[in-house]
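A short write-up of the structure that comes next.
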Amino acid sequence: MNKYHILTTVATVFFSFMNSAAQELNMPIIQTKYTADPAPMVHNDTIYLYTTHDENDAEGFHMKDWLLYTSTDMVNWQDRGAVASLKDFEWYKGNNGAWAEQVIERDGKWYMYCPIHGHGIGVLVADSPYGPFKDPIGKPLVWQKEHWDDIDPTVFIDDDGQAYMYWGNPNTYYVKLNKDMISYSGEIVRIPHIKDYQEGPWCYKRNGHYYMAFASTCCPEGIGYAMSKSPTGPWEYKGHIMNHTSRTRGNHPGIIDYKGKSYCFGLNYDVFRLETGRHAERRSVSAAEMTYNADGTIQELPYFLDCKLEQIEPFNPFRKVEAETMAWGYGLETVTKNPWGKDRWNQLVTGIDDGEYIMVKGVDFAKGASVFKISASCHLYGGTIEIRLDATDGKMIGSVNIANTKSELKVFETDIKSATGLHDLYFVFKGSTKQSKNLFNLDWWEFK
């Protein structure tokens, strides 16, 4: 058996294991990048999930920018790329420290509150949830230079229009933001310690109750919460949303209601540990459905891997779908390309090797698809995309060969057979003895 066959056999076994793990466990929702500190926001029937970004070489914290993902069904997520970075703060000259942010909308503008570790909390503003985000004040919004507590901001607008920003590790603080959302009035208030609080507060209001969720005492961190009758407290500790567990180390909550259900986002190390069996600060965002009791308290969740995240609605394949939209794509990467000039940006799926695949969950082919198109580029020999249903070795409804395009994007087309009803859709990538890695790049696809 030659070297190529040994490598492909190992890859096939490994990715088969990853596939079964993804199907049986509630694995992290993003696999093409290391993401942390989830900050979900609902706007116009879409979830906008802002995250921090652990670089691929991170051992400790190595974080330079903030990313965005969107979904309308909770399981298939589209990578929107980096929407802001440390470079957007001209007053900060470092190249690390893009810690846990939150974005909130007010009066048609989107405000991103960004801690830069050791340099306070800055604020950016945009006219769209996709950015571009700009610094309106040219300095930190908050910076208590006597300590390093100023991290992990969460912003909440009460029913009376008053906005609050909370933050802190290991102490918790708040200020009242002015209506412009880029300044505040009054003094910074330190909140009396909440039992089991460590960092990462997430403040919101639901059915008349005020909630403060947080990463509970390190290490390992769980997700705890407190409740209050007022946005300024006093806060009464209520227990765990998710208990401390040795199965992870850090955590960071983000909580939303969406399409009649409630969800808790957090972070863990499951993708990196499954691959390497060791620890580094290369984290991944997970999500789980959560339930409230009649009195407003929250039913404790098991660890993310033991939860079940259901798809809210079927996925429509009869449209142009960006290739970076997926429920599972371990081993792949997404990159930002700029083929049209500085004002138009485009994401591509890259790092495509033999045996890897994209899975899109719950695709509704209705009465049938007959044609498949995909936009791709290839700089060498290329490979094949097998289009399968329900598993990597499931029924093949078509295949398309991606040939050399001289690195230019080109549309490839093939006929489709026997694709009706609801299925998980798999694009399985196959190389050859000439090429097994970096087979091609993918831009978008659609069924007719």
query = Within the stretch 398-413, is there a residue that is surrounded by 16 or more Cβ atoms within 10 Å (Cβ to Cβ) and closer than 16 Å to MET359 by Cβ?
reply = no
ask   = Can you name the condition, by its number, that GLU221 falls short on among (1) in a loop (DSSP other than H, G, I, E, B); (2) open to solvent by 20 Å² or more (accessible area, probe 1.4 Å); (3) among the charged types (D, E, K, R)?
value = (2)
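Condition check ((1) modelled with pLDDT of 95 or more; (2) surrounded by fewer than 21 Cβ atoms within 10 Å (Cβ to Cβ); (3) in contact with a Ser or Thr (Cβ under 9 Å, 6 or more places away or on another chain)) across all residues:
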| position | (1), (2), (3) |
| --- | --- |
| ALA100 | yes, no, yes |
| VAL103 | yes, no, no |
| VAL125 | yes, yes, no |
| LYS134 | yes, yes, no |
| GLY138 | yes, yes, no |
| ASP150 | yes, no, no |
| VAL155 | yes, no, no |
| TYR164 | yes, yes, yes |
| THR172 | yes, no, no |
task = Check off (1) at positive phi; (2) open to solvent by 10 Å² or more (accessible area, probe 1.4 Å); (3) within 16 Å of the chain's Cα centre (by Cα) for MET74 and give me the number that stays unchecked.
result = (2)
inquiry  = Need the failing condition index for ILE194 against (1) open to solvent by less than 30 Å² (accessible area, probe 1.4 Å); (2) in a strand (DSSP E or B); (3) within 24 Å of GLU221 (Cβ to Cβ), just the number.
reply    = (2)
query = Among the residues of the stretch 369-382, how many are at positive phi and open to solvent by 10 Å² or more (accessible area, probe 1.4 Å)?
reply = 0
query = HIS119 passes all but one of (1) in a loop (DSSP other than H, G, I, E, B); (2) open to solvent by 30 Å² or more (accessible area, probe 1.4 Å); (3) over 24 Å from SER185 (Cα atoms); which number fails?
reply = (3)
message = Testing ILE137 on (1) closer than 27 Å to GLY81 by Cα; (2) β-branched (Val, Ile, Thr); (3) touching a strand residue (DSSP E or B) at 6+ places or on another chain (Cβ under 6 Å), one condition comes back false. Which one is that?
response = (3)
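Conditions tested, residue by residue: (1) aliphatic (A, V, I, L, M); (2) more than 20 Å from ASN76 (Cα to Cα).
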residue: GLY382; (1), (2): no, yes
residue: ASP390; (1), (2): no, no
residue: ALA403; (1), (2): yes, yes
residue: LYS406; (1), (2): no, yes
residue: THR414; (1), (2): no, yes
residue: LEU425; (1), (2): yes, no
residue: LYS437; (1), (2): no, yes
ask   = Inside the stretch 344-393, counting only strands (runs of 3 or more DSSP E) that do not spill past its ends, which hold 2 or more residues that are under 18 Å from THR405 (Cβ atoms)?
value = 346-350, 369-377, 383-389
Subset of the stretch 197-214 (residues that are crowded, with 19+ Cβ neighbours inside 10 Å and either more than 28 Å from LYS139 (Cβ to Cβ) or in contact with a Cys (Cβ under 8 Å, 6 or more places away or on another chain) (or both)) = TYR197, GLN198, GLU199, TYR210, TYR211, MET212, ALA213
note = Within the stretch 254-281, the residues that are free of Cβ contacts under 8 Å to residues at least 60 places away in the same chain and under 14 Å from GLY222 (Cα atoms) are CYS264, TYR269
ask   = For ASN438, are the conditions met, namely being of a type in the set (S, T, N, Q), part of a strand (DSSP E or B) and over 21 Å from PHE315 (Cβ atoms)?
value = no
key: Number of the condition not met by GLU105 [criteria: (1) under 21 Å from HIS62 (Cα atoms); (2) under 22 Å from the mean Cα position of the chain (by Cα)]   = (1)
task = Answer yes or no: is there a residue in the stretch 83-97 that is open to solvent by less than 10 Å² (accessible area, probe 1.4 Å), within 17 Å of MET41 (Cβ to Cβ) and either out of contact with any Asp or Glu (no Cβ under 8 Å at 6 or more places or on another chain) or not hydrophobic (A, V, I, L, M, F, W, C) (or both).
result = no
ask   = Taking the stretch 174-191 as the region of interest, how many residues are open to solvent by less than 60 Å² (accessible area, probe 1.4 Å) and assigned to a loop (DSSP other than H, G, I, E, B)?
value = 4
query = Could you count how many residues in the stretch 3-56 are farther than 30 Å from ILE256 by Cβ and either at pLDDT 95 or above or under 16 Å from the mean Cα position of the chain (by Cα) (or both)?
reply = 0
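The values are calculated or read from the model by the stated rules, or taken from the named source; none is laboratory data. The model shown is predicted, which means the values in this text are computed figures rather than measured ones. Positions of Cβ are generated from backbone atoms using ideal geometry, with glycine treated the same way; all protein chains shown enter the neighbour counts. Note: areas computed on protein heavy atoms with side chains; ligands, DNA, RNA excluded. Shrake-Rupley method; radii C 1.70, N 1.55, O 1.52, S 1.80 Å.
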